[in-house]
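The values are calculated or read from the model by the stated rules, or taken from the named source; none is laboratory data. The structure displayed is predicted, hence computed values, not measured ones. For neighbour counting, all protein chains shown are included, and Cβ atoms are generated from backbone atoms with ideal geometry for every residue, glycine included. Ligands, DNA and RNA are excluded from the accessible area calculation, which covers all protein heavy atoms including side chains. Shrake-Rupley method; radii C 1.70, N 1.55, O 1.52, S 1.80 Å.
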Amino acid sequence: PCRARRRQHCRPAGRDRSVALRVLVTGASGALGAASVRALRTAGHDVVGCGRVMESGVVAKWDIASQDGPEPDQRADVVVHAAALRGGYGQMLDDAERLFDVNVTGTLRVARWCISRGVSRLVLVSGAIVYGEWDMNPKSEADEIIPWVAGPYAVSKWCSEQVARLVEGQGLELTTLRFSSLYGAAYGDGLPRRLLAEGNRNGTILVTPPTDDAFDLLHVSDAARTVRLAVESPLTGLWNAGGGTRTTIAALAEGCGRQVSCEVRYSDGGAERAPRTLNWVDDGKAREELGHTNEITLDMGLAEIAHGL
């Protein structure tokens, strides 16, 4: 028998990748949740999208911050838990209560519902921000976790992972996906969109130091494909998934400038500190075991966003 799916991979009896599954997706109105719903439906699965409000792509109401389950009640073979309150690096402590209400207590509600309904697998969407800080190397799944360095959001995501682990040993398989920095046209407030909008509006993108701050950008459609692969995989465990490279703010600005045909200018003012990496993962394990790939290049992703401006 398999006793430690975090330490070794297990092949659950009877799982067949060719069989359509009933998959419930929380956070279906969010960028990754909506993309995951589309990816799963395209693969032939029966998908129930859940969200805080009934809107496009949402067929069951589930506000995980206050509801114990979806309305109307549903059944599922697999639950993809993508609902979360988004945050960032270095948030204020004042934000912590709301982050914990949604990301930690909400995950507990989802885990309890899965157990009560006999769900076979929970796929938890987490973030590489839980690693906390970076040197000049990407983080692997075996690296130290110090989320408090990155602030309340990172701590809330780390705690949500620990809450999800409570399902282990209760007949429910657990898979955790730590994604790097997601971007795409559906993200209305991301740095790529802000830079593209600035260049489109002003004819110039102004970049302030430190321009060598960097992150690992992963297009949301590539992340959604990996969610689908995790749902279908006979393996369970923990995987990092990223874009395969580290992108500096300067390189991102230059890419945005090409898409909207504008000049990129560099200011002498700005933060006087050493450049830092905000997100970067070694995802070789996910590429080998799940088939994680990057089909959307940065130029393709930026062109998609620019087209919608």
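General remarks:
- The set of residues in segment 156-189 being out of contact with any Leu (no Cβ under 8 Å at 6 or more places or on another chain) and not charged (D, E, K, R) consists of Trp158, Cys159, Gln162, Gly169, Gln170, Gly171, Gly184, Ala185, Ala186, Tyr187, Gly188.
- Candidate set from segment 47-58 (those that are at pLDDT below 95 and not small (Gly, Ala, Ser)); member that is nearest to Val37 (Cα to Cα): Val58
- If you go through segment 56-110 and keep only what is farther than 17 Å from Ile129 by Cβ, in contact with a helix residue (DSSP H, G or I) (Cβ under 6 Å, 6 or more places away or on another chain) and open to solvent by 60 Å² or more (accessible area, probe 1.4 Å), you end up with Asp68, Leu108.
- Evaluating Ala43 against the criteria (1) of a type in the set (A, V, I, L, M, F, W, C); (2) more than 19 Å from the chain's Cα centre (by Cα); (3) surrounded by 17 or more Cβ atoms within 10 Å (Cβ to Cβ); (4) modelled with pLDDT under 95 leaves one unmet condition, (4).
- Residue, surrounded by the most Cβ atoms within 10 Å (Cβ to Cβ), within segment 273-309, restricted to residues that are touching a Pro at 6+ places or on another chain (Cβ under 7 Å) and at pLDDT 95 or above: Val281
- Per the conditions (1) under 28 Å from Ala34 (Cα atoms); (2) polar (S, T, N, Q); (3) open to solvent by 20 Å² or more (accessible area, probe 1.4 Å), the sole criterion not satisfied by Thr226 is (3).
- Qualifying residue in segment 117-128 (condition: part of a loop (DSSP other than H, G, I, E, B), in contact with an Asp or Glu (Cβ under 9 Å, 6 or more places away or on another chain), crowded, with 20+ Cβ neighbours inside 10 Å and without any contact (Cβ under 8 Å) to a residue 40 or more places away in the chain): no
- Hits in segment 194-219 (condition: in a loop (DSSP other than H, G, I, E, B), surrounded by fewer than 17 Cβ atoms within 10 Å (Cβ to Cβ) and at pLDDT 95 or above): Gly203
- Within segment 255-272, considering residues that are open to solvent by 90 Å² or more (accessible area, probe 1.4 Å) and either more than 13 Å from Asn200 (Cβ to Cβ) or in a loop (DSSP other than H, G, I, E, B) (or both), the one modelled with the lowest pLDDT: Glu272
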